[in-house]
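I have placed the structure first, in the form of structure tokens, so that the comments after it can refer back to it.
The values are calculated or read from the model by the stated rules, or taken from the named source; none is laboratory data. Since we're looking at a predicted model, the values are computed, not measured. Cβ placement follows ideal geometry from the backbone for every residue including glycine, while neighbour counts extend to all protein chains displayed. Just so you know, the surface numbers come from the protein's heavy atoms only, side chains and all, with ligands and any DNA or RNA stripped out. Shrake-Rupley method; radii C 1.70, N 1.55, O 1.52, S 1.80 Å.
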Amino acid sequence: MAERRCEDCGADISDRGSRAYRCARCQAAFSVAREKARSLERSRARGRQCEDCGADLTGKPGARKRCEKCAAAEKIGWRQRRNEAAKREHIANSKPNYCLDCGADISDKHFNTERCDGCKRQYKSEQARQNQQKARAKMDAKRDARREGRTCDVCGRDMADKQLGAKYCSKPCAQMVYRTQIAEKRKRLRAEREPRYCLVCGVDISDTHGRTRYCGKPCRLDGGCRGLNKRGQASRVMSGAPDVQRSGRCCQGCGADISDKRMGTKWCAPCYMRVNRERALEDYHRDRAARPSRYCADCGEDISHTRTDCIHCDKCSKRRRNLNTHQNIAALLERDGDVCAWCGELITVPYNGGETHVDHILPFTRGGGGELANLQLLHATCNMSRGNKLMEEAPYRLQGVA
């Protein structure tokens, strides 16, 4: 097969088709250029186009040679070049100019410029500070003019040194005026109120709070004992009952005087506590009599007063639970040996203060007793992991261990 080369770059194109004259890269570039040429021909066929970017100018004035974007860019560039040329010409023809403050050469600046940039900023800041001082001095002068001739409304003291708007020279004068205003306001409100009188003794209490019903504590206590409401009428509880005087009331238990207590009180404090204790004891005996009789499973003692889930009295419970004794451990070692009945491992220290436990074969919570036939030796950890399970309920326990 004859070797073929690309027409543009000379690369080997023997592996391409028989009609291929260029490599892939050159063919792509050729296709793009051909498309641009075709597009340009189509636009020229439609009308005029921009000299810079080739945009279509159909419908634009005949004298225009560029689009609006290119024309604006050309105009900006022309103005910039014109300004630079005028600046160079001005610098060449003008006389040398120097800063008024520092003497630096500013011939490249405008001919009306008097200072360089740094001196100009400093000069403006100084001018602003001076203007601020002048304005402040002018305001102070006006304020002093307004302060002259002002006196305190209470004591008549000169208040030229006080701020504008102050009416009083000191706090005592202001408090005096405030108290006077409060007193006048209270007096006006009292005059506008309807006259009110004590519900018990009839004394005028119009000058007190609007919700006050009695003139003092004695009348308030007496009115509470009489059972009067806000309107001075008998309350719902005391309605239809005759007036009950505070005097003459006695305790139902010991007969002590309880006239100083509130209405409805029947006992003094000691008798009240005694009656409450007797009532609580009666309720306890009544509830206890209603419970079914229960007895201890070991000694037969009555345990009806305990919780319903208890089957032993306190003495038997302590005796059954306290199994870690030297006698029990010695007997179990002689009977079973020094092997844990749960895991089957050796018990190296039979009894050293908690590492070995005496456990119930039938758990105590399931009715197991504290006799030696129901006891066995376990490691402390084995006893904790067992809980209240039976020996045959442990799936991980070693087989064949009694």
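Below are the figures for this structure:
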quantity: Residues being modelled with pLDDT of 85 or more and more than 58 Å from the chain's Cα centre (by Cα) - total across the range 347-384; calculated: 4
quantity: Exclusive hit being out of contact with any helix residue (DSSP H, G or I) (no Cβ under 7 Å at 6 or more places or on another chain) and surrounded by 10 or more Cβ atoms within 10 Å (Cβ to Cβ), set 118, 165; calculated: 118
quantity: Index of the failed condition, residue 278 passing every other in (1) over 30 Å from residue 254 (Cα atoms); (2) exposed (fewer than 12 other Cβ atoms within 10 Å of the Cβ); (3) out of contact with any His (no Cβ under 8 Å at 6 or more places or on another chain); calculated: (1)
quantity: Number of positions in the range 125-158 that are of a type in the set (Val, Ile, Thr) and out of contact with any strand residue (DSSP E or B) (no Cβ under 9 Å at 6 or more places or on another chain); calculated: 1
quantity: Options 143, 179: the member that is open to solvent by 50 Å² or more (accessible area, probe 1.4 Å), at pLDDT 85 or above and of a type in the set (D, E, K, R); calculated: 179
quantity: Number of the exception - residue 263 against (1) at pLDDT below 75; (2) under 30 Å from residue 364 (Cα atoms); (3) open to solvent by less than 90 Å² (accessible area, probe 1.4 Å); calculated: (2)
quantity: Verdict on residue 73 being of a type outside the set (Lys, Arg), surrounded by fewer than 11 Cβ atoms within 10 Å (Cβ to Cβ) and part of a helix (DSSP H, G or I); calculated: no
quantity: When residues of the range 58-110 are limited to those that are touching an Asp or Glu at 6+ places or on another chain (Cβ under 7 Å) and modelled with pLDDT under 75, the one nearest to residue 121 (Cα to Cα); calculated: 91
quantity: Cross-chain or 6+ apart pairs with Cβ under 6 Å, the range 1-16 first and without any contact (Cβ under 8 Å) to a residue 24 or more places away in the chain, then among the polar types (S, T, N, Q) and open to solvent by less than 60 Å² (accessible area, probe 1.4 Å); calculated: 3/14; 4/14
quantity: Some residue of the range 281-299 being on the phi > 0 side of the Ramachandran plot and either open to solvent by less than 90 Å² (accessible area, probe 1.4 Å) or in contact with a His (Cβ under 7 Å, 6 or more places away or on another chain) (or both); calculated: no
quantity: Qualifying position, being open to solvent by less than 100 Å² (accessible area, probe 1.4 Å) and within 30 Å of residue 140 (Cβ to Cβ), among 156, 202; calculated: 156
quantity: Top-ranked residue of the range 300-317 - restricted to ones that are surrounded by 16 or more Cβ atoms within 10 Å (Cβ to Cβ) and modelled with pLDDT of 80 or more, ranked as nearest to residue 366 (Cα to Cα); calculated: 313
quantity: Unique match (being closer than 30 Å to residue 373 by Cα and either at pLDDT below 80 or within 55 Å of the chain's Cα centre (by Cα) (or both)) among 335, 320; calculated: 320
